[in-house]
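In what follows, a single structure is set out as structure tokens and then discussed.
The values are calculated or read from the model by the stated rules, or taken from the named source; none is laboratory data. A quick note: this is a predicted structure, and the numbers were derived from the prediction, not measured. Cβ sites come from the backbone with ideal geometry, for glycine too, and all protein chains shown count toward neighbours. Accessible surface is based on the protein model in full, side chains and every heavy atom, while ligands, DNA and RNA are left aside. Shrake-Rupley method; radii C 1.70, N 1.55, O 1.52, S 1.80 Å.
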Amino acid sequence: MQFDCGKFQLDLTSPCVMGIVNVTPDSFSDGGKFATSNLAIAHALKLVEEGAGILDIGGESTRPNSTPVSLQEELDRVIPVIEGLVGLINIPISIDTYKPQVMQAAIAAGASIVNDVRALQENGALEIAAESNVGVCLMHMQGKPQTMQVNPEYQNVVSEVQAFLKERLQASIHAGCRASRIVLDPGFGFGKTRAHNITLIQQLESFTCLGQPLLVGLSRKSVLGQMTGNDVDARLYASVAASVIAAQKGAKILRVHDVKATVEALKVVSALQ
Ligand code: 7PM
């Protein structure tokens, strides 16, 4: 089980932790662009030390319920961080964006993975992914970030999410992305109720029939808040439990905020499996 992303070939025999680096002025400082970039880079280096196998850099445009970020603002946030990190680390950098222009600039700056919550559906995104040799994460989302949590509905959430991912996988391969460059993600919390999220976790193993490595992002998400009653800043233990369960059900990449705790827990999972 190997994931080809740019110059990297990740061995996914044992699960890999993708550390989240949010580059948002409020999440790091109230200072200027330079201070924000430097704090994000310092945080990213800490996640590498803690054992991250991938860093996922995001300028917030993919977050549910967030005020949209302009193209220029997103570029100003993420590109300096990628440029600053690329010479310092030896693991793939992922760009969390759905905007083709951001993908292109990020790849030029040294990103090796495109993590797209819209699964390359924006005009031009498929072509950019195909023309480079980056890895791609295709994620499922129902609806648009602003309204997707209003009243998500499915006849059968598992088969509908799988059918969507299968279609996007085929479209990506048809556009010229080799299958070894593609990972799939059910998109927890993106147009899903608590019951939908739980069903998807319980039946995660059935997604392995799509033949691609699975990426799971449950870290600090509201479904874990609903289960524990905890606010977002107190969901560490719940997040680790969710990553462990996801790994046992076949997830190969765990997208998390808390890298050290997750890496340690997954070492135990690997040793005992
Ligand atoms: C508010 C709510 C802020 C949710 C941020 C989020 C995923 C992702 C995100 C995921 C992939 C977060 C999310 N979630 N990309 N980007 N999979 N591939 O928790 O589950 O970071 S944004």
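Rounded to the nearest 20 debye, what is the charge dipole size of the range 15-272 about its Cα centre when +1 sits on each Lys and Arg Cβ and -1 on each Asp and Glu Cβ? Present the calculation step by step, with values, prior to reporting the outcome.
On the way: 21 positive and 24 negative charges, 119 e Å.
Here the range 15-272 has a charge dipole of around 580 debye.
Quote the accessible area belonging to D4 in square angstrom, nearest 10, computed with a 1.4 Å probe and with ligands, DNA and RNA left uncounted.
The accessible area of D4 comes to roughly 30 Å².
Take R63, project a point 7 Å from its Cα along the Cβ direction, then tell me which residues of the range 200-243 have their backbone nitrogen under 11 Å from it.
Within reach of a label on R63: no residues.
Taking only Cα atoms of the range 1-159, what ratio of Rg to Rh do you get with Rh as the Kirkwood inverse-distance radius? The partial results should precede the final answer.
Working: Rg = 15.8 Å, Rh = 16.3 Å.
Rg/Rh: 0.97.
To the nearest 10 square angstrom, how much accessible area does V232 have with a 1.4 angstrom probe?
The accessible area of V232 comes to roughly 80 Å².
Give the relative contact order (percent, whole number) for the chain; include only Cα pairs under 8 Å separated by 6+ residues. All intermediate terms of the calculation are to be shown ahead of the outcome.
Values: 527 pairs, mean separation 53.8, N = 273.
After rounding, I find 20 percent.
Any idea how far apart E122 and V86 come out in nm if each label point goes 7 Å out from Cα toward Cβ?
For the pair E122/V86, the computed spacing is 1.9 nm.
Might you report the magnitude of the Cβ-based charge dipole of the range 39-105 about its Cα centre, with Lys and Arg at +1 and Asp and Glu at -1, to the nearest 20 debye? Kindly include the intermediate steps, with their values, before the conclusion.
Numbers: 4 positive and 9 negative charges, 14 e Å.
I would put it at about 60 debye.
Under 29 Å Cα-Cα from K166, which lysines qualify once same-chain neighbours fewer than 8 residues away are excluded?
K7, K99, K144, K192, K221, K249, K252
If R0 is 51 Å, what FRET efficiency do you get for E73 and S206 from their C-beta distance, rounded to 0.05?
Numbers: r = 39 Å, r/R0 = 0.77.
Rounded to the nearest 0.05, the efficiency is 0.85.
Subtracting the Cα-Cα distance from 0.36 nm times the residue separation, let me have the gained length for A163 to V269 in nm, one decimal. Numbers along the way, then the final one.
Working: separation 106, 0.36 × 106 = 38.16 nm, distance 2.99 nm.
Stretched fully, the A163-V269 segment lengthens by 35.2 nm.
Under a crude label model (7 Å from the Cα following the beta-carbon direction), how far is A35 from R178 in nanometres?
According to this spin-label approximation, the distance is 4.6 nm.
Can you tell me what the convex hull of the Cα atoms of the chain projects to on average, as an area in nm²? Show your work: numbers first, answer last.
Details: hull surface 52.5 nm².
Value for the chain: 13.1 nm².
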